[in-house]
Amino acid sequence: MSKVLVTGGAGFIGSHLVDRLVELGHQVVVVDNLSTGRLSNLNGFAKLYEMNIEDKKLADVFDAERPEIVFHMAAQISVTASFKDIIKDGNANIIASLNVLEQCVKFGVKKIIFSSSAAVYGDNPELPLREDHVPAPASPYAISKLTTEEYIKLFHKQHKLGYTILRYANVYGPRQTADGEAGVISIFIDRLLKGQQPTITGDGNQTRDFVFVQDVVSANVAAMNSDKSGIYNVSTNSQVKINELYSTLRQL
Ligand code: NAD
């Protein structure tokens, strides 16, 4: 049994991870400011600190809880918002991550597991995407994810902090909200259930790689149980056309 801390543990992916960690018998502490996360998502056995991870008081949480492993999932997740307010995105995704990293080193965390994104590859047409492909981030959001990855690697070199960076494809599953921009599956389901026509951008022949949230959770747990540091894509390695996705959901 380990003491683990999950930033963003009341969010879509984080809350499923917290459920699994509790099931596995770990002691789980969550830091979440509930900006997009929900209390109703949160497992009753997890201890919540309602706090912004940019806050210097994060040190007090680490001091009191002394986690061995940190899953860093809290983030500003909207690409559109990252273009609208580049400084807010940088603060939420880079400066806040530095705060988390500093506390990890100060309080002897063994490993950080970071939720990054396949967005770091940009629009690379060479599929499947491989971890050794040269990143070409095309948005402030993607730049902030890649920058955090670089800081994590630096902290590993300088302070021996273990790490796993997980670059997720398009994650889907229960608790994903339909009001964001990321969850095309939940957005389509929401529109169909309301009897509304979903909007397909472009000709719908563009493809995406969709990965189920429980598989993302399994990747995080595998990372926790490994002593290796490194970067891994988390996806199904298959392409689904948006038109195909729409027809499948409509039939269902
Ligand atoms: P989400 O918005 O549901 O979860 C983010 C959580 O972090 C929320 O609970 C929110 O309240 C919290 N949070 C945000 N900013 C915070 C702050 N400054 N301080 C404290 N808490 C804060 O999003 P998600 O889809 O579950 O994403 C989780 C992680 O996975 C993010 O880092 C995201 O970039 C990454 N990711 C998600 C996808 C996807 O398809 N959903 C794809 C690639 C990467």
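Bear in mind that the values in this text are calculations on the coordinates, not laboratory data. Predicted model only: the values in this text are computed from it and were never measured. Quick reminder, even Gly has a Cβ in these numbers, built from the backbone with ideal geometry, and neighbours come from all protein chains shown.
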From the cross-link list LYS3/LYS106; LYS157/LYS228; LYS106/LYS145; LYS47/LYS228; LYS56/LYS153, the entries with a Cα-Cα span beyond 25 Å are LYS47/LYS228
Taking the chain as a Gaussian network, Cα atoms linked when under 10 Å apart, which of GLN239, GLN27, GLN103 shows the biggest mean-square fluctuation?
GLN239
Return a whole-number percent for the relative contact order of segment 1-78, with Cα pairs under 8 Å and 6 or more residues apart as the contact set.
41 percent
Find, among the chymotrypsin sites (Phe, Trp or Tyr not before Pro) in segment 153-252, those assigned to loop by DSSP (not H, G, I, E, B) with at most 10 other beta-carbon atoms within 10 angstrom.
none
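Could you tell me what percent of the DSSP beta bridges with both partners in segment 1-147 are antiparallel, to the nearest 5? Don't jump to the answer; show the numbers that get you there.
On the way: 0 of 17 bridges.
Just about 0 percent of them are antiparallel.
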Trypsin sites (Lys or Arg not before Pro) in segment 1-56 lying in a DSSP loop, each with at most 10 other Cβ atoms within 10 Å of its Cβ, come to LYS56
If we count other beta carbons within 10 Å of each Cβ, what is the order of ARG167, ARG175, fewest first?
ARG175, ARG167
Tell me the angle of helix 242-251 to the major Cα principal axis of the chain, expressed in degrees between 0 and 90 and rounded to the nearest ten.
80 degrees
Potential extension, LEU193-THR177 segment - 0.36 nm per residue separation minus Cα distance
4.4 nm
Lysines with Cα under 26 Å of LYS194, excluding same-chain neighbours fewer than 8 positions away
LYS241
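Below 11 angstrom from the Cβ of PRO198, what's the summed charge of the other residues (Lys, Arg +1; Asp, Glu -1)? If you can, show how the numbers build up before the last one.
Details: positive: ARG191, LYS194, ARG250; negative: ASP190.
Computed value for this residue: +2.
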Helix 12-23: inclination vs the chain longest Cα principal axis, degrees, rounded to 10, gives 50 degrees
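For the chain, which longest stretch is free of loop sites, where a loop site is one of the GluC sites (Glu not before Pro) that DSSP puts outside H, G, I, E and B and that has at most 14 other Cβ atoms within 10 Å?
On the way: sites that count: GLU126, GLU131, GLU181.
Longest gap between qualifying sites, sites excluded: 1-125.
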Using alpha carbons only, how many degrees (0 to 90, rounded to 10) separate the axis of helix 213-224 from the longest principal axis of the chain?
30 degrees
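How big is the antiparallel share of DSSP beta bridges in the chain, given as a percent to the nearest 5? It would help to have the intermediate numbers written out before the result.
Working: 2 of 34 bridges.
Bridges in the chain are about 5 percent antiparallel.
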